[in-house]
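Notes for the one structure printed next.
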Amino acid sequence: MSDSKSSFTRRNVLRGALFTAAAVPFGLASCATGGGGGDDDETTDGGDESSAPADASNPFGIEEGSNVETVIFNGGYGVDYVEFATAIFNEMWGGEATVEPTTEITAALQPRFVAGDPPDLIDNSGAQSMGFGAILEQIEDLTDVVDAPNLEGTTIRDTLIAPNVLDSGVYDGKLAAINYVLTVYGVWYSKSLFDANGWTAPTTWAEALELGAAAQEQGKFLFAWGKEAATYYQTLAIDSAIKQGGDEVRLALENLEEGCWSKDAVQAVFTAMKEIVDAGYVKPGGSGTFFTDAQAQWSLDQDALLYPSGSWIENEMKDNTADDFQMMGVPSFVVDDSSALPAAALHSEAGEPFIVPSDAANVAGGKEILRIMLSNEAATNFAKTKLAPTVIKDTVPADGFGSTALVSQVDMLGAAGSDTFTHKFVGLYGLNQAQLVVWNAFLDGSKSVEELTSDLQAITDEARNTQEVIPVS
């Protein structure tokens with residue numbers, strides 16, 4: 001906190017506001033599930049540190065002096081936004097909530113799940129995240145969190161930017177994760193560089209190929225990539241294929257169907273990407289380059305014109321971006337004007353999935369940190385410092401806090417309207433690690449479209465044959 005006075009004020013005024021909210025018929029305590037809360041006569045079962053009676057000011061039954069352990073993916077958004085929330089928790093409850101950053105979620109936490117000693121709150125994100133299919137029975141249903149009041153006394157569900165924003169965290173009917181950040185996926189570029197050269201951001205793969213030729217004339221590349229983020233190009237390919245082929249493509253991939261990577265729309269996108277690779281429009285050496293170094297080749301050195309990523313990219317590269325870069329985004333490309341979805345259609349979903357393990361020592365504490373994070377205060381802090389919106393509405397001003405990328409996100413969402421989509425199969429079945437190898441080889445030119453297709457299908461088939469497939473419709 002900024003000083004002791006503000007800390008004292010936050011702890012007491014906000015808790016007072018929540019006691020006032022107790023008269024509002026939110027039905028908070030009765031909707032607790034999985035040991036996360038109860039009515040005034042019940043206690044939570046999240047360990048010895050979470051046994052206080054629950055009420056509207058304390059929906060999960062936190063005890064004074066309660067300690068909470070969080071493990072947070074240290075990626076494009078860092079971890080300080082969670083530290084912001086844990087500082088509020090510490091002031092409210094007089095305990096100690098800690099934040100442990102890591103980029104190796106599976107390696108760090110899988111043994112702890114096996115041992116029955118997981119932390120209380122996890123940001124299960126990044127390339128090394130745990131597949132949800134493997135842990136679904138070991139994590140809490142978080143419905144009681146969104147049905148609790150935020151720090152301002154309003155039911156969290158009523159503050160969400162859209163009713164379906166929770167969908168990306170629902171697995172087999174269970175709200176297993178609350179995805180905190182409203183992520184927009186697209187292709188990012190420098191408006192100032194494009195304006196100076198009279199270039200227009202492409203909307204089709206043919207236009208991208210033409211732009212690659214223009215870039216080459218100036219000694220630049222169309223794309224760059226790094227080894228840990230090679231599957232950013234897979235996300236771009238999947239998005240493009242879904243836009244081109246529609247739900248037939250999306251559902252085939254989501255349900256791990258035989259031959260799903262051989263769909264016509266997928267093959268058309270792969271072929272277009274291979275043409276760009278073979279033309280020499282992708283900066284070589286990415287399979288031996290750390291991904292943020294490769295991103296700096298785009299954002300700082302401007303060796304490449306385009307970079308596919310989620311909207312965390314601006315914050316991730318804020319210290320390695322050229323002056324007056326004016327970052328902007330466009331949706332993933334379509335193949336041609338026969339696409340099932342319009343060019344403005346957008347892959348947008350809530351990302352950064354936060355989970356609370358059922359075997360955690362303080363289940364109530366993990367949920368309380370989430371409740372604080374979902375307050376207007378914490379969500380506005382995130383949008384301002386990370387230049388990306390959370391799932392909480394009305395926290396981004398019209399000027400995007402001075403961020404062209406944030407304004408661009410709002411514009412893309414507005415242009416897409418109802419034409420938004422997402423897909424979850426890569427994370428659900430833990431496919432990313434194996435797919436990274438394949439995409440690094442494809443981007444460096446050593447794999448054909450046929451080999452890319454075959455390798456991805458083999459990874460998909462193995463998942464289908466070794467894991468329980470959760471049907472998507």
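The values are calculated or read from the model by the stated rules, or taken from the named source; none is laboratory data. This structure is a prediction, so every number in the text was calculated from the model and none was measured. Please note: Cβ atoms are built from the backbone with ideal geometry, for glycine as well, and neighbour counts cover all protein chains shown.
Summary of computed values
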read-out	value
Residues (in a helix (DSSP H, G or I), out of contact with any helix residue (DSSP H, G or I) (no Cβ under 7 Å at 6 or more places or on another chain) and surrounded by fewer than 18 Cβ atoms within 10 Å (Cβ to Cβ)) located in the stretch 449-473	E450, E451, S454, A458, D461, E462, R464, N465, T466
Unmet criterion (only one of (1) of a type outside the set (F, W, Y); (2) surrounded by fewer than 17 Cβ atoms within 10 Å (Cβ to Cβ); (3) under 16 Å from the mean Cα position of the chain (by Cα); (4) modelled with pLDDT of 95 or more) for D167	(4)
First in the stretch 449-469 and farther than 15 Å from V266 by Cβ, second anywhere and part of a helix (DSSP H, G or I), Cβ under 7 Å, 6 or more apart	Q467/G133; E468/G133
Candidate set from the stretch 149-164 (those that are more than 17 Å from the chain's Cα centre (by Cα) and either under 20 Å from E352 (Cα atoms) or not assigned by TED's automatic domain parsing to the domain that holds P357 (or both)); member that is surrounded by the most Cβ atoms within 10 Å (Cβ to Cβ)	N150
Qualifying helices (runs of 4 or more DSSP H) (wholly inside the stretch 183-277; at least 1 residues being surrounded by 24 or more Cβ atoms within 10 Å (Cβ to Cβ) and of a type in the set (S, T, N, Q))	232-245
Among residues of the stretch 131-169, those that are assigned to a helix (DSSP H, G or I) and in contact with a Phe, Trp or Tyr (Cβ under 7 Å, 6 or more places away or on another chain), counted	5
Residues satisfying the stated conditions in the stretch 302-331, i.e. of a type in the set (A, V, I, L, M, F, W, C) and either over 17 Å from I276 (Cβ atoms) or without any contact (Cβ under 8 Å) to a residue 60 or more places away in the chain (or both)	W312, I313, M317, A322, F325, M327, M328
Residue list for the stretch 412-460, restricted to those being in contact with a strand residue (DSSP E or B) (Cβ under 9 Å, 6 or more places away or on another chain) and of a type in the set (D, E)	D419, D444
Subset of the stretch 334-348 (residues that are assigned to a strand (DSSP E or B) and surrounded by fewer than 24 Cβ atoms within 10 Å (Cβ to Cβ))	H347
Boolean, D144 is free of Cβ contacts under 8 Å to residues at least 12 places away in the same chain and at negative phi	no
The stretch 118-146 - residue that is in contact with a Leu (Cβ under 6 Å, 6 or more places away or on another chain) and surrounded by 21 or more Cβ atoms within 10 Å (Cβ to Cβ) and, of those, farthest from E228 (Cα to Cα)	V145
Test result for D278, acidic (D, E) and either more than 25 Å from the chain's Cα centre (by Cα) or not assigned by TED's automatic domain parsing to the domain that holds A322 (or both)	yes
Breaking point among (1) part of a helix (DSSP H, G or I); (2) surrounded by fewer than 21 Cβ atoms within 10 Å (Cβ to Cβ); (3) not hydroxyl-bearing (S, T, Y), for A379	(2)
Every residue from the stretch 384-404 that is buried (at least 24 other Cβ atoms within 10 Å of the Cβ) and in a helix (DSSP H, G or I)	K386
Out of E83, E42, E91, sole residue that is at pLDDT 50 or above, touching a helix residue (DSSP H, G or I) at 6+ places or on another chain (Cβ under 8 Å) and either on the phi > 0 side of the Ramachandran plot or among the charged types (D, E, K, R) (or both)	E91
Criterion (within 30 Å of V469 (Cβ to Cβ), touching a Gly at 6+ places or on another chain (Cβ under 8 Å) and among the aliphatic types (A, V, I, L, M)) met by exactly one of L166, L136, L175	L175
Tally, over the stretch 73-105, of residues that are touching a residue at least 60 places away in the same chain (Cβ under 8 Å) and either under 18 Å from G131 (Cβ atoms) or not assigned by TED's automatic domain parsing to the domain that holds I62 (or both)	2
Output for the stretch 414-448, where each listed residue is surrounded by fewer than 19 Cβ atoms within 10 Å (Cβ to Cβ), touching a residue at least 60 places away in the same chain (Cβ under 8 Å) and among the aliphatic types (A, V, I, L, M)	A415, L436, A441
